1. When the convex hull of the Cα atoms of the chain is projected onto a plane and the area is averaged over all directions, what value comes out in nm²?
2. For the range 60-159, rounded, prolate or oblate, judged on the Cα gyration tensor with a ≥ b ≥ c (square roots of eigenvalues), a/c < 1.5 rounded, else prolate if a/b > b/c?
3. Looking at the P(r) of the range 199-255, how many percent of alpha-carbon pairs lie beyond 13 Å?
4. How about the range 1-36: which trypsin sites (Lys or Arg not before Pro) there lie in a loop by DSSP and see at most 10 other Cβ atoms within 10 Å?
5. Could you calculate, for the range 1-137, the ratio of the Cα radius of gyration to the Kirkwood radius, expressed as Rg to Rh?
6. Count charges around Pro257 for me, please; just the other residues with Cβ under 11 Å from its Cβ, Lys/Arg as +1, Asp/Glu as -1.
7. Rounded, prolate or oblate: which fits the range 153-239, taking a ≥ b ≥ c as square roots of the Cα gyration tensor eigenvalues, rounded meaning a/c under 1.5, else prolate when a/b beats b/c?
8. Apply the Karplus parameterisation 6.51 cos²θ - 1.76 cosθ + 1.60, with θ equal to phi minus 60°, to every residue of the range 382-389 and state each ³J(HN,Hα) to the nearest whole Hz, in sequence, with x for glycine and proline.
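A short reminder: the numbers here are calculations on the coordinates, not readings from a lab. Computed from a predicted structure; not experimentally measured. Because the Cβ atoms are built from the backbone with ideal geometry, glycine has one as well, and the counts that use them run over all protein chains shown.
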Amino acid sequence: MENQYMKDTEEGLLKTYNRFPVVFDHGEGVYLYDTDGKKYLDFTAGIAVNSLGYGNPEFTEAIKAQVDQLIHISNLYYNTTCGAAALALRRISRMDKVFFTNSGAEAVEGALKAARKYAYEKKSGRYEFIAMEDAFHGRTMGSVSVTGHKEYREPFEPMIGGVHFAKYNDLESVKALVNEKTCAIILETIQGEGGITPAEPEFLKGIRKICDDKDILLILDEIQCGMGRSGSYFAWQQMDVKPDIMTMAKAIGNGVPVGAFAMTDRVAKYSLKPGDHGTTYGGNPLACAAVKTVIDLFEKNDLVGHVGEIAPYLTQKLGEIVKECECAVEVRGKGLIQGLKITKPVGEVTANALKEGLVVISAGKDVLRMIPPLVIEREHVDEMAEKLKRVL
Ligand SMILES: *Cc1c(COP(=O)(O)O)cnc(C)c1O
């Protein structure tokens, strides 16, 4: 089973992952192939990244053309792609001003800094953050400080100061933490890593009201659930609330590393100014060509509409699995970010699924995470269900 690629990886890289024993070589549509030529149905999409699937010719052609033209230039100069990418992102996100980053964690870092800068400019004396238990926001010091898993934070303490954790979907627990020092409330619109839990509309609306009443900023992290996956471009757009700051990453580059945070004009007016924040790579010509092309292809193929069509079928099929398999107990989520709660050890199930030719990962302790490329069709949902039933 072990081959040279695995040996080199284990020898050369810092051991921060327990990798599955497979070396992926290439992909086509919604399938991946390993170095032995074995075919796998992909229900993970590189963790909600590869929404267009693999080998989309229009996407790869656009990337190749940009590689030939210009890969990188500093943000000290204008380039030919970042403006168009920002305007496209502005249109689909309904936010006003965009800052491009290289990753999700950096988008969260930027959002936290933007919120503190807003409070600083307003001389409000506010600096505290309210975050959620079971939240995941990334692995840098700031983003891990607002991540709601003690195990992720403890080895790196002290964290950034003034972070308090409320219970997700429990408005009273949020209210109990709000005070005159609260600067922003940060949460995922649908908790991903923590177990695929959508925010209840009343919870989000309640938080929005607290923020409006007290000039506290609402930061929604749409890094995993955003970019069409929930059935709208961004999950909050189904819920009649609007964030002041939003973070994005993962699917916006379809695999080219890029993230972003965006804010309303009302916040931007008081927030980051020249000199306050920056990045060497963030929003370079290649990354922005990826973002612009992804958005063009989403619109051209109405991928968001496609998610709306296919998602109920995935829910239905997962529901059938709950009826048929004793160890499957609950389906949750929205659009093409769904979870299947199981009673069997989830690590064993994902490992056995891989042997069956199905790529699926966990979310939290007991949930199988279903985050396929958004281009899946019913036949792929059927194939997934057959494979998963055998495994369960
Ligand atoms: C993946 C993820 C992040 C971190 O993104 P990276 O690109 O891995 O830094 C932050 N928030 C959420 C909700 C995520 O799913």
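1. Values: hull surface 77.7 nm².
It is 19.4 nm².
2. Numbers: a/c = 2.46, a/b = 1.67, b/c = 1.47.
Prolate, because a/c is 1.5 or more and a/b exceeds b/c.
3. Details: 963 of 1596 pairs.
So the pairs more than 13 Å apart make up 60 percent of the total in the range 199-255.
4. For trypsin sites (Lys or Arg not before Pro) across the range 1-36 that sit outside H, G, I, E and B with at most 10 neighbouring Cβ atoms in 10 Å, the list reads Lys15.
5. Values: Rg = 20.6 Å, Rh = 19.6 Å.
Ratio of gyration radius to Kirkwood radius: 1.05.
6. Details: positive: Lys250; negative: Glu106.
Value of the local net charge: 0.
7. Values: a/c = 1.93, a/b = 1.23, b/c = 1.56.
Oblate, because a/c is 1.5 or more while a/b does not exceed b/c.
8. Listing the rounded values in order: 4, 4, 4, 4, 4, 5, 5, 4 Hz.
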